[in-house]
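The values are calculated or read from the model by the stated rules, or taken from the named source; none is laboratory data. Fair warning: this is a prediction, and the values are worked out from it, not measured in the lab. When we count neighbours, we look across all protein chains shown, and the Cβ atoms used for this are built from the backbone with ideal geometry, even at glycine.
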Amino acid sequence: MTSTLFEGMLAAAPLIPSGYIGSLLAIAIALICGLLSTRLMKIIGLPNVTGYLIMGLIIGPHALGLIGEDVLPSSGGGLQIVSTVALGFIGFSIGVEFKLSHIREIGKSAITITFFQALSATLCVDLGLYALSFALPNVMTSYEALILGAIATATAPAATLMVVRQYKAKGIVTGTLLPVVALDDAVGLIVFAISNSIAISLANSAAGIGGDISALDIVVWPILEIVCSLVIGLGVGALLSVVPRFFKSRDNRTIATIICVFLSLGICQLFELFEEKGWVPFALSDLLVCMMAGATFVNLRKEAGVMMEGTDRWTPAVLMLFFILSGAELDVMMFAENTWLIVCILAYVVLRCVGKYFGTMAGAAVTKSDKNVRNYLGITLFPQAGVAIGMATMCKTEFAKEAAAAIANGNATAAELLNHVGANIVTITMCAVLIYELVGPVLTKWALSRAGEISPENLRRRRKNVPVFATAGTEAPAAPESQADASAQQTAEQPSSSSDSSEAN
């Protein structure tokens, strides 16, 4: 009875019929709702990205219908370019954090722990969900498990840095945590590029299209996709590094940075066209190309940080819109149709946490790190947000393209299966992000407190005056003790106009 009532509520007609809200009006509605959600999240003490996702769900086509499905990115609507551009800047911002001098400074310990915890999370989710696919074959498939395992690598530094700043945490765990979250997403993007390519081949085979799977499909083409993406990103980043020699004004340098991201995305779209025509056997990864462009740029030009400040002034609106649209694509009707999906969501959340925690313990044991690092660092890596959403969105978009190709070939059954895979990935990822963003900061505070890196005075004062989840602190942070801490504080102390962009990572 409850399920029938739930389904009836969700099946109610939207407030505004589809087709009446164009792309520009949809953008205005989304941004207005996003601004209102930031005030609400500040009052109740939750990260802004949580408010964006919830607000998107409320105004999306599966609820109030203020934004119709015809304009959403997954439907090929007018707002598809928003998601593409947002993903580009997410990748570029990850690359800018990948500075070689900083990597050499943090040492082998943090790098080893990063690889151990990221790959351990992938392995746990892959194996656990693959086993679940035998028990629930109508809910979970092997290729969905493969994609979710790759998404599991991503960690959201914004929630972690927020706790570090608010409680002025200092110590060996904090010092190791900051570089790990900076490197984590770079590893995740590479794992995702491989897993997503293999999953598409498996899904096409299961749908009865694309022929038999060969070594080229699951090994050669995914590796070539990564290599070509990195090479092209390297070239675009090197080209951007020449700009400061000829353009000195801040505005022109900001424009050049934006051009770099658009050029990277444009080349990726060109490769997609070549793939559709059969001229090349693979496309490029938007996230990887932009990440490599940012990494190359930041390592070749010392002015990179100043130029990124200009870019950060206008990207918050794009990222806010991206998260709201991501929430709008979450179809909660899937729960009414199959309540076993909740089991898959909980399994993903638990398996990822297990992988992160024990992978960190293993990496810390190999590098003979401090016992507090072994016991508590893994807990601080649970939060997940922007990059995971970006991966899920990219996955849904690519599966939607495969579905469109299947329809063009008259195979509606295959198209339905492929579209369902993309929707499943987005639903599980979005719900998991909401859970992580709710409990992640609390667990991070607990872990740092148990490690003795939050003084009792700060803990008592913050408990009285500042909510644990507050998105902005009222006190200036203490002077950093290392370059890693300084970098973290600089990220956490950016002006409010760009604070939301840190959620992207």
### Which numbered condition L330 misses (of (1) within 21 Å of the chain's Cα centre (by Cα); (2) closer than 30 Å to P244 by Cβ; (3) of a type in the set (A, V, I, L, M, F, W, C))
(2)
## Note on the structure
When the range 48-85 is checked residue by residue, the ones that are hydroxyl-bearing (S, T, Y) and at pLDDT below 80 are T50, S74, S75
### Message
Would you confirm whether or not the range 286-293 contains a residue that is of a type outside the set (G, A, S), in contact with a Leu (Cβ under 8 Å, 6 or more places away or on another chain), in contact (Cβ under 8 Å) with a residue 24 or more places away in the chain and farther than 15 Å from G88 by Cβ?
### Response
no
#### Entry: Pairs, first more than 16 Å from S449 (Cβ to Cβ) in the range 368-382, second crowded, with 24+ Cβ neighbours inside 10 Å and among the charged types (D, E, K, R), C-beta under 7 Å, six or more apart
L381/K356
### Message
Which condition from (1) modelled with pLDDT of 60 or more; (2) assigned to a loop (DSSP other than H, G, I, E, B); (3) touching a Leu at 6+ places or on another chain (Cβ under 7 Å) is the one that L15 breaks?
### Response
(1)
### Query
So I218 fits all but one of (1) modelled with pLDDT of 85 or more; (2) surrounded by 15 or more Cβ atoms within 10 Å (Cβ to Cβ); what number is the exception?
(1)
### Query
Of the residues in the range 409-444, how many are out of contact with any helix residue (DSSP H, G or I) (no Cβ under 8 Å at 6 or more places or on another chain), more than 21 Å from S197 (Cβ to Cβ) and free of Cβ contacts under 8 Å to residues at least 60 places away in the same chain?
3
### Task
Please determine, by comparing only the residues of the range 236-254 that are without any contact (Cβ under 8 Å) to a residue 40 or more places away in the chain and surrounded by 16 or more Cβ atoms within 10 Å (Cβ to Cβ), which one is farthest from the chain's Cα centre (by Cα).
V243
### Task
State whether the residues of the range 158-169 include one that is under 20 Å from the mean Cα position of the chain (by Cα), at pLDDT 80 or above, part of a helix (DSSP H, G or I) and surrounded by 24 or more Cβ atoms within 10 Å (Cβ to Cβ).
no
### Query
Within the bounds of the range 257-279, is there any residue that is among the aromatic types (F, W, Y), surrounded by 15 or more Cβ atoms within 10 Å (Cβ to Cβ), at pLDDT below 90 and assigned to a loop (DSSP other than H, G, I, E, B)?
no
### Query
Quick one: in the range 288-320, which of the residues that are within 17 Å of F262 (Cα to Cα) and of a type in the set (V, I, T) is surrounded by the most Cβ atoms within 10 Å (Cβ to Cβ)?
V289
### Message
Can you confirm whether G45 is among the small types (G, A, S), closer than 12 Å to G327 by Cβ and either crowded, with 24+ Cβ neighbours inside 10 Å or modelled with pLDDT under 80 (or both)?
### Response
no
